[in-house]
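Only one structure is covered here, and it is reproduced in the block below.
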Amino acid sequence: MAGLIQIGQSALRAAYTQLQTAGHNISNANTPGYVRQEVMLGTAAGQYRGGGYIGNGVNVLDVRRNYDRFMSEEVTRNTSLAAGDKVRAETLSQVDELLADTDNGIGVAMDDFRSAIGDMVSSTADPAIREVVLTRAGALSQKISETAGRLEAIGGDLDARITDAASHVNQRLEQLATLNQQISEGLANGHEPNDLMDQRDVLINEVAAKLQVTRDDQADGTVDLYTAGGMSLLVSNRPARLVMQSSALDPARRELAVVMDGQNLPLSESNLGSGEIVGLLRMRDSDLHAAEARLGQLAAAFAGAFNRQQAMGLDMDGNVGKPMFSVADARVRAGAGNTGNAMVQLVVQDSSKLKATDYELSFRDGTYSLRNTVDGQTRELGPQLPDEIDGLKIEVTGTMASGDTFRLQTASAFASSMRSTLASGRELATANPLSVSMNRDNAGSLKLVNMTQQQANADMGQPVTIEFTAPDRFSVTGQGTGNPVDQPYVPGQPIQFNGWSLTLNGTPAAGDKVEMRKITPNARDNGNANAMVLLADRPLVDGANFNEAFGALLSDMGGRTLAAKNADSGSRALLESSKTALANRSGVNLDEEAARLLQYRQAYQAAAKVIQTADEMFSTILSLAR
Amino acid sequence: MRVSSNHYRSQAIGNISTQQAQLARLQEQASTGRKVNRASDDPLAAAEAERLRSQVARSDIEQRMMSYAKGIMAQTHDIMGSSIDALQEARDAMISTGNGILNEEDRKTLATKLEMTRRELYQLANLKDMDGNHVFGGPGTEVEPMGSEADPVYQGAAGTRATGMQVQYGLNVNGQDIFSARHGDAMKTVFQQLDDTIGALREGSAEVAGEKVREGIQAVDTTLNNLISARTVLGENQRIMEKRHDTLEAGEEHVMRRRSELVDADLAEVLSGIQSRDTALRAAMQTYSQISRLSMFDYL
C-alpha cells in the first residue's frame, strides 16, 4: 500500500513537473531565444518479488531543451551575414538618396553653368550675363563641395556607428564571460542550466550581429568565441575588447583592433567575415571612398579644364584670365612607423588624367610600389618614380627607408572645398589673346578661317607678323621661341606659334602680311568663350566628359546600392528560413502546450486517483481490522 | 510539422510589412511619375538618363544661341539692305549725270547728294545691333569700326563675330571686306573714293569730275557687289540655321522620348500593380487575423 502511494506520488510529481514546464513554456512563448523545454521521464526500476519485477512508478530524469546545435549555429551565421548586408544597404542608400534628386543635382548645375557660358558666347560684353556665369559657377562649386561634405558626414557617422557597435560587442563579451562561469558551475549539478544557456545563445547572436564569430563549445559547458579570422574574442571567462584606434599606415584613419591579454591585434576588413561592423567598414573604406574619389576626380578635372582655358584668354580688361575655380589640395600622410626622413609632395600636372582613386606609396628594398586604394591594384614602379603618373607628379625629398609608406589622398580630397574664385564677371577671359588683322594693302586673296589658342604660353599675347614672301612661303617675326622662317604655306593648314593656331584660306601675294595684334580692351571677342562652352564635349575626366563622369558616379553608387539591397534581401530570406527552421523545432506552439496541459492535468488527476485508491484500500483494511 | 506561435506571428507581420513596402514603392512611382527615383532603382538607366538630359541641355544652349543669332542676323540683314539702298541712290545719281556734260550747278547738286549719301552710309557702317555690337565690326571692336569721319578706314580685326557651339553662326559682317577695295595700286574704302569724287565735283574741272565720277561708280559697284553677296551668304546661313534648328528640335524630342522610356513610370502598369498588391495585402491581413483567432485555449 505504501508502495502504491509512492507510485502515485511519483506520478503526481511527474505530472506536476510537466504542468510546470508547460506553464514555463507558455510564459516564455514570446521570450527571444527561448528554447521549449520538455520533461524527460523514466520508469523507476522495478523490484523483484516472487511474481516478477513490479514497477516503482516514474522518475523525472531531466528537463531538457528542444535544442538543435546545428540549426542554432546556422542562425548565428546567417545573423552576421544579414546584419552586414543590411547595414551596408542602409548606409549606401544614404549616398544613393543624396545623389537621387537629379533635377537639382550636380549634372544640372554643370549644364546650367554651361548654358550661361553659351549666352556669354552670344552676348560677350553683357555684364549681367557675365555675372550669371559667375553665380552659376558658384552654385556648381557649392553643390559639389556640399555633396562632398555630406559624404564626409556619412563617413563620420560610420565611424561613430562602428565605435558604438564595438562597445556593444564589448558589453556582450563581458556578460558572456560571466555566463560561461555560471553555466560551468551550474553543470556541476549534473544538469544543464537551460535558461542560462538560452541567454548565452541570445548574447552570442547579438555579438554575431555585429561581428561574425565562430563558437567552440568546451567540455566544461563554456563556449569560446573567435573572429572569422581566428582571433580570440572570448576564452572561458576572459573577454577580449574591441577598440577603435588610428591606423599605423595612415594616422588619420581609424581602424578596429582586438585587445586581449595585453596584445593589440588590428583587424582588417578582409579577415572580419561579416556582421554590422564589417558592413560599416566596407561601406567606409570601399563604397564611400569610391564615391568621394569619383566626386573629387570630377571636381579637379572640371576646375582644371576651366582654369586652363581661362589662362588661354584675356578678360575684359585685357589681362590673362585668372583661375576660375579652386579645389582642395591633395594631402600626404606619412606612415606612423616610417624610419626614413623622406617627405612626399604631390603636384597635379594634368587634371584630365586623374583617376578616381587615392594611393598608398610604399618603398621596399630600393623600389617603389603604388597601390590604388579603390580597386586595390598595385603597380611596381622601380627605384625611380616616373615624371608623371595618372596626371600626378610625386616629388620625394629626403631619404626613404625600406618599409616606409605614405598615404596619398588625392581624388578623395579635391571636392571638399571647391570654390568659384573670380570676383567679377569682367575677369572671365572670353577673348582670344590676339586678334588677326589682314594688312590693309594685301594684294592677294587671303581670308581668315579661324584662330584658336590651344595652350597657355608665356608669349601668347605678343604681337607677331606673318609675312608671305611668296604665294606659298611665309616667315614669322615677333617675340616667341624659334621663329619659323621661310615656311611652306598651304591654304587651310594651320600656322602655329606661341600656343595659338591660325588657319587661313586663299592665296597671298608676295609681301602680303597678316598681323596678330593685341586689341585691348576688347570685351567683344568671344574666341575663348567659345572654347569654354565646348569644354563639356571633350574627354577631360580620364577619357570621359564631365556629364559622363557624373553619370558614372551615379551608376557606380546606384549599382553598389542595388547589389547591396539584393544581398540584403537575399541574406534576410536566408536568415528568416533558418530562423523558421529553428523556431519550428525549438519555439513554443501555444496550441500544443494547451493540449499538453490537458494531457498533464489528466495525468495529474489519474495520479491523484492512484493515491486515493491506495487510501481507500487502506481504509478498507483498517475497517476490516475494526 | 510544429509551428512556433511567436515566430508565426512575427513572420506574418514581416510579410505584411514587406507587402506594404512594395506598395509604398509603387505609390512613390505613381506620385512622382517616375520609375527611376534614385540611381539604385536602375543604375544604368540613371546614368543614361543623366547623359540624355545633358544632351538636351546642350541642344538647348545651341537653340538659345540660334534664337539670339536670328534676331541679330535679321538686323544685320536690314542694315545691309539700307546700305544697298543708299549706295543704289548714289549710283543712280552718278549714272544719270554721268556723261561728263555737267555744268557747275549740276556738279554741286550731285556733290551735295553724294555727301548726304556718304554720311548716311558712314552712319550705317558704324551702326550697332541691339546687343551693342557693330554690324560691320567683324569680331568686335570698342571703337567705331570704320574709323573717324575724316579718316574712314577699317579699325577692327579680320573675320566676323559669330556664336555657336561646333557650328558657328556668323552674326555680322567685316567692314574691311565690304567697304575696301583695290583701286589701281592702292587700297581705298568706298568712303575715301566718294570723298575724292565729291572733292572733284566741287573744285575740279568738268573733266576731272567726270573721271572721278566714273571711279566713284566703280567703287560703289564693287561695294554693292560685296554687300549683295554678303547678304546672300547671310540669308543662306539663316536658312541653314533654320534647318539646323529643326534637326535639333527633332533630336531633342527623340532624346526626351528615350529618356522618358528609361525613367518615367508607366502609370497604367503602376496603378494595376497597386491594385493587385492592395488585394494581396488585404487577403494577408484578413487571413492572418482569422487564423490567429483560432486557439486551443478556447476549448480548455
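Working note: Debye formula, equal point scatterers on the alpha-carbon atoms of the protein assembly as shown, no solvent; log10 I(q)/I(0) at q = 0.08, 0.09, 0.10 Å⁻¹ is -0.93, -1.05, -1.18.
3J(HN,Hα) along region A:35-49: 10, 3, 10, 9, 8, 9, 10, x, 6, 6, 4, x, 10, 7, 10 Hz, from the Karplus curve 6.51 cos²θ - 1.76 cosθ + 1.60 with θ = phi - 60°, whole Hz, x for Gly and Pro. Taking the Cα centre of region B:73-165 as origin and assigning +1 to Lys and Arg Cβ atoms and -1 to Asp and Glu Cβ atoms, the resulting dipole is close to 160 debye. Label positions at A:Thr178 and B:Gln166, each projected 7 Å from the Cα along the C-beta direction, are separated by 7.4 nm.
Over the residues of chain A, the helix contribution to mean residue ellipticity at 222 nm works out to -15000 deg cm²/dmol, using -39500 (n - 2.57) for each DSSP H run of at least 4. Here the gap between A:Val490 and A:Asp159, fully extended at 0.36 nm per residue and compared with their Cα-Cα distance, gives a gain of 112.6 nm. Of interest is the spacing of the C-alpha centroids, which for region A:403-474 and region B:19-96 amounts to 29 Å.
Packing order of peptides A:551-557, A:130-136, A:608-614, highest average first: A:551-557, A:130-136, A:608-614 (average count of other Cβ atoms within 10 Å over each peptide's residues).
The Cα center of region A:121-195 and the Cα center of region B:241-300 differ in position by 32 Å.
Take each residue in A:550-563, count the other chain C-beta atoms within 10 Å of its C-beta, and the mean is 6.
When peptides A:539-550, B:58-69, A:472-483 are sorted by average Cβ neighbour count within 10 Å, with the highest value leading, the order is A:539-550, B:58-69, A:472-483. With the simple model of a label 7 Å out from the Cα in the direction of the Cβ, A:Glu388 to A:Asn483 spans 3.1 nm. Near A:Glu467, once Lys and Arg are set to +1 and Asp and Glu to -1 for all other residues with Cβ below 14 Å from its Cβ, the sum equals -3.
Restricting attention to chain A, the count of lysine pairs at 8 or more positions apart or across chains with alpha carbons under 30 Å apart stands at 21. Remark: mean inter-chain Cβ contacts per residue of A:523-531 equal 5, using a 10 Å Cβ-Cβ cutoff to other protein chain atoms. Give the cross-link partners of B:Lys108 among the lysines, using a straight C-alpha distance below 23 Å as the criterion and excluding same-chain residues fewer than 8 apart. Straight-line reach from B:Lys108, under 23 Å: B:Lys212. If you take all C-alpha pairs in chain B, what percent of them are over 32 Å apart? It works out to 57 percent of all Cα pairs.
Packing, as the average of other Cβ atoms within 10 Å across residues, places the peptides A:400-406, A:283-289, A:54-60 in the order A:283-289, A:400-406, A:54-60, highest first. Dividing the helix sum by the residues of chain B, where each DSSP H run of 4 or more adds -39500 (n - 2.57), gives a mean residue ellipticity at 222 nm of -25000 deg cm²/dmol. Between the alpha-carbon centres of region B:213-228 and region B:145-194 there is a gap of 15 Å. Comparing region A:129-216 with the 2.2 N^0.38 Å rule of thumb, its C-alpha radius of gyration ratio is 2.12 (two decimals). Per-residue mean of foreign Cβ neighbours for A:112-124 is 5 (Cβ atoms of other chains, 10 Å radius). By the rule of a C-alpha distance below 17 Å, with chain neighbours fewer than 8 residues away ignored, the aspartates and glutamates paired with B:Lys243 are B:Asp60, B:Glu62, B:Glu252, B:Glu253. How would you classify region B:85-125 from its alpha-carbon gyration tensor, with a ≥ b ≥ c the square roots of the eigenvalues: rounded for a/c under 1.5, else prolate if a/b is greater than b/c, otherwise oblate? Verdict is oblate for region B:85-125.
Read-outs throughout are calculated quantities, based only on the coordinates presented, and are distinct from any laboratory measurement. The shown structure was predicted, so the numbers you read here are calculated from the model rather than taken from an experiment. Cβ coordinates were reconstructed from backbone atoms using ideal geometry, including for glycine residues, and neighbour counts include every protein chain displayed.
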